[in-house]
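The values are calculated or read from the model by the stated rules, or taken from the named source; none is laboratory data. These figures come from a predicted structure and were not determined experimentally. Backbone-built Cβ (ideal geometry, glycine too); neighbour counts: all protein chains shown. For accessibility, only protein heavy atoms count, side chains too; no ligands or nucleic acids. Shrake-Rupley method; radii C 1.70, N 1.55, O 1.52, S 1.80 Å.
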Amino acid sequence: MRRSKAAVSVEVRQVIGALCRLLAATGLHAVPAPETFRRAKFGGGLEVEDQFWQLLTSILQSTGIVPCEAFNQLEGVSKHRKLVAAGLWQTGYHADWVSGGEGGEGGQGGRFSSRDLLLALGWLLATGTLEKLLTHRVQQMDNILLTPIPVNPQLSSELQLHSASLRKLQWLIGSLKYQGQILLSMQEERTRLLHAVLFAILQTSVSSPDQSSTVLREECVCVQQLCDLLEAYLNWKQVENVFWTWMDSVVDCHLTDPVVEKPTHAPNGITRVCHHGNRGLEKFEDMILRLPRGQKGQRRGRGDAEDRGERGERLQGGSDTSSLPPLLSSLPSLPTLPQVYRAKLQTEKPIKRGFRPAEVPHSWPETPDELPSSQATQLLLHAEALLLERRDRQRLANRIQLQEMVGKLDELVLIPP
Amino acid sequence: MSLLSVVEQAIKSCKAEQARIKDSIQLYREILHTVTPQPNTDCVESDSADDATAADTDVSPGEKEDIELLEQALEKALWVRTGTGPSKKGSNKQCAPRKETKEGMQAFAASKGNQTTTRSTSKSASLARKEQKRPGTSVSSTLGSKASASHNPGHHKTSIHRNMIQNCLVSSAGIVHHQPARKSQQAVSASGCVDPGQLHTSAFHSKNKTNRGNVLSGNDLGRAAAISMPSSNNTAPVSHTAESGAPCLPQQNGTASDQTAQWRSLRRKQNRLWDKVAASQRKPVPGRSHFMERIRATFPKDWPCGSPDQTRALVDRLTHQGYDLIQHCQTQELVAKQTPETATEPGGKTLERWQMTAAELQNFAGQVKQEWEAWDRWRPEGGCLCPTRANSVWSNGMVAPLPPTVTYTTEAELRELEKLRMRVALLQQKMHLEQALLDTLSPQLSSIVPGPGCPDVSVLRDVYSLLGEGGQRFPAIVLDSEPD
């Protein structure tokens, strides 16, 4: 069925309007009007570019793809450029203006236009940035989520300890343990109350309490905003495909332009140090070196054959590291547990979905949206068992080594507890 | 950076988490108090009763003992400091002075907590936080004996008490003020617990103006005090509007129940919407994948697959698995050395399997390293390739899904789930630190060579207990001076 161009363009405008509403509902401030998108497709000029720079910057900052501290010293257009370039690279996007723009301020030989920014936005949306924004906003607004527990300290590689402060260290470790126990008991209390709140939501009591509260009023406002956000998201999901079709046409426009020479290799070989310092691969390489070596002959034979095979693969460009080799995937690894999740109280009997109790999940299922708590508990128990095993093994090794060491000393005898 | 500061940082982050949990607890209590029908209408009594039970449930029996002991110690210190002995207390009523001293002690503890060094501050600060509810309890019960308190012959003591109460409220105001602005409502409702305390303090204010400069300068609590004064004692509401400053009257029955019903219906609507959103996630979106393929086609030939974030997560995961494997083998060797009779066939087979896994890991790691380097070549300024624990990058890597929903049927399930989550997090933290400790101490240990000069025995003992027993048990080291 052929539709008139006008009808299509009206539909596209509506769809882009839905997208803009969704972006605004996630708390972004710099959302351009739908018309701006259309202008961007055909190269709208500096004003349009500006709006898109703002939008991309605020998206990247809100979702935490780019840490803000690295760019605080910069101002103005170059700040936007660098931040957006870093953010896009972080999500795996490549474009000439992203990697090649060290020298030129305004772009690469006049080929850069707002269309490039539009494509970058499309890429971000395609790689799940909308969901990230949604999650971020939900975390801000919703009070009854189960949130992450950030207790892990950042460690630098060089740590010192004077032997004189061992006592203080013991005291501190004991104090830390005490804090952990307090946390556990407070968490228990909080969970009890959370359940009561979730239960209260499902109740249909008629009796009217005689007091009101500002907290509840604020809650209502937040929940209303959340509902609006979720509705906007649902609207967007329904019409998403139209947007992608339109983006396809943008890609067409982009490709029909006279093509700039694509760089087949990185611009220069300088490794730029990231703001964390240059520790990136050290621990990884150290681990590889310390791996136990097998019988030399056997391994070398197999290793060489595999190496030759892999080298061939690599030359074809981009080895596939998305799936682990078989033995490796059988190694126990800590399940990657999600950080935030919602708890839902089910009062009616849940529908059996063919979940066999004998199956113990070892990792979080691929795309879980709903999980019975028994499964989640199993995962956590599994993770805990792994960690405890690892810890006990390390302690055993330490004990044996220390005993050996003291044994070498002439005058001391160590009697373990 | 010193290892001590790392542990201190960990303690700080635990405390920050405690503060967050406390906020949530107060918020939930507030909601429940409003939403569920209350049996009694007299708010002041129920407030103090609530506070009493709240204070009780907050503090576990063990901690209660600690607090009692601390109070006794501080009581003694106060006697010494103020020069009042136990004899002078006999001149007042039996119950009142004990409670007053108690509240004085608590306030004293709070004010002391503000001044002392880090070690005791951590403990008394947490005490002060817990006890910001206590003055409310004890002060409200001494409301009746307010008259006798002001006529206390020990004027010296009263002024000290007054200062201490105000200091306690200042410290609680200080603590409350650290919460983000959005939670200012909860701060105000937290002050609801201290409400009777405000009445008490305001009464003192009107009597002795010189102390006004001390406390409650233009913040929420001050306004709360101003608000609560005109409201009648019988129907003092639990929370009050800080911004409008208008006295909060008990609402009409109709609007209150409307609000509750509205909240309920909004929450249920949100639940329904979430279900729909989750359902929409399961549907594939062909247009999007098509678009991504087309964009990928414009990338250079040697552009790696996936994204830097995926590679980072993979490097991190492989590092952990590798270290795990190394540790397995090492421990196995050490145990085999110690007990050679048990090292037989099964050990050999597992060792071979591990070696195969290690070889596989090495090869795979080589690939991953290549990929990492490829990303590094293209890295712009500000991009980060440090290995990090995967948060929102899943194995398929494409779309970071929304927060999943965990369904449960009984309260016990939810509690167990949360308890496990916390336990796993704490365990990870502990192991993180133990690993850091091992890394820090091993060079020192290897420098202890056999030879002349006896190394520090207590150091050895401490190190053994930290590394081998997690700091819980200690070995005995005996000097063996008999010549062999």
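Per-structure values
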quantity: Ranked order, B:His33, A:His136 - accessible area, probe 1.4 Å, largest first; calculated: A:His136, B:His33
quantity: Accessible surface buried once A binds B (1.4 Å probe; total of both sides; Å²); calculated: 22500 Å²
quantity: At R0 = 45 Å, FRET efficiency that the Cβ-Cβ distance of B:Ser458 and B:Glu65 yields, to 0.05; calculated: 0.90
quantity: Approximate spin-label separation A:Thr245-B:Lys12, in nm, with each point projected 7 Å along Cα-to-Cβ; calculated: 5.6 nm
quantity: A:Lys79-A:Ser4 FRET efficiency (beta carbon distance; Förster radius 51 Å; 0.05 resolution); calculated: 0.70
quantity: Principal axis dimensions, region A:1-44 - Cα atoms, whole angstrom, descending; calculated: 39, 23, 9
quantity: Out-of-range pairs (alpha-carbon distance over 19 Å; input B:Lys22/B:Lys419; A:Lys344/B:Lys269; A:Lys132/A:Lys283; A:Lys132/B:Lys301; A:Lys283/B:Lys369; B:Lys269/B:Lys419); calculated: A:Lys132/A:Lys283; A:Lys132/B:Lys301; B:Lys269/B:Lys419
quantity: Cα-projected label distance for A:Leu234 with A:Phe199, points at 7 Å along beta-carbon direction, nm; calculated: 2.9 nm
quantity: Rounded FRET efficiency, nearest 0.05, which uses the C-beta distance separating B:Leu479 from B:Leu438 and R0 of 25 Å; calculated: 0.40
quantity: Accessible surface, 1.4 Å probe, highest first, among residues B:Leu69, A:Leu331; calculated: B:Leu69, A:Leu331
quantity: Taking region A:21-72 and dividing mean pair separation by its residue count, relative contact order in percent (alpha carbons under 8 Å, at least six apart); calculated: 34 percent
quantity: Burial ranking of peptide ranges B:278-287, B:318-327 (average Cβ count within 10 Å, highest at the top); calculated: B:318-327, B:278-287
quantity: Inter-label distance, nm, simple model (7 Å from Cα along the C-beta direction), B:Arg272/A:Leu396; calculated: 5.7 nm
quantity: Probe 1.4 Å, all protein chains present, accessible-area order of A:His94, A:His162, B:His290, largest first; calculated: A:His162, B:His290, A:His94
